[in-house]
Ligand SMILES: [Zn+2]
Ligand SMILES: [Zn+2]
């Protein structure tokens, strides 16, 4: 069986390509970028910068994300607010290629109330600055979910504090491992030293 190539980026689509308009894509990012470029008859990326405000078909999630309107949840997820600007950081496991990054870093095209967005590819996080008078955290999450980048909001991200101490524990453990390894090296050193000196240690 030959592999299926993504029509947008040329990567292998794997077993389950995302299909749109009978064309295969490797991910939602590639599909959405392709859609945006085609449906809006924009010749290239450059034109998009000039024409923000592209329409996304928002899915109706009902009350699924209603909890994001709760103050105590917002407090945990919105880590900075100054006047009408707020910042949130969301974990999106589906970030997987440069199309994903490009799309998520240009969210203002989809909603101009999102003023800035930056992706940390390694952590699969997107850092979003938004006008809190125009768009809510819930609406941001619903927008992302509509373009199939579903943020994983769970106890892990809400109880971030606890997570940090877990990480510290891990780092501590690694530190000990490093220490032990270092010592093993020292103890084995004579083995590597050629000649009579090493013989004395045997
Ligand atoms: Zn692709
Ligand atoms: Zn991608």
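Read-outs: derived from the displayed coordinates by stated rules, not from any lab. Predicted model only: the values in this text are computed from it and were never measured. Ideal geometry is used to build each Cβ from the backbone, glycine not excepted, and the neighbour counts take in all protein chains shown.
Tabulated values for the structure
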| read-out | value |
| --- | --- |
| Segment residue 38-residue 152, extension gain: residue separation times 0.36 nm, minus the distance between their alpha carbons | 38.1 nm |
| Segment 76-123 versus segment 129-146: alpha-carbon centroid distance in Å | 10 Å |
| For 146, 2, 86, order by how many other beta-carbon atoms lie within 10 Å, fewest first | 2, 146, 86 |
| Gain upon complete extension [residue 102, residue 60; 0.36 nm per residue less C-alpha separation] | 12.6 nm |
| Proxy reagent accessibility, fewest Cβ within 10 Å first, across 147, 128 | 147, 128 |
| Where labels lie 7 Å past Cα in the beta-carbon direction, separation of residue 134 and residue 122 in nm | 3.3 nm |
| Ranking of 26, 6 by count of other Cβ atoms within 10 Å, fewest first | 6, 26 |
| Segment 51-158: C-alpha gyration tensor shape, a/c 1.5 cut-off, then a/b vs b/c | rounded |
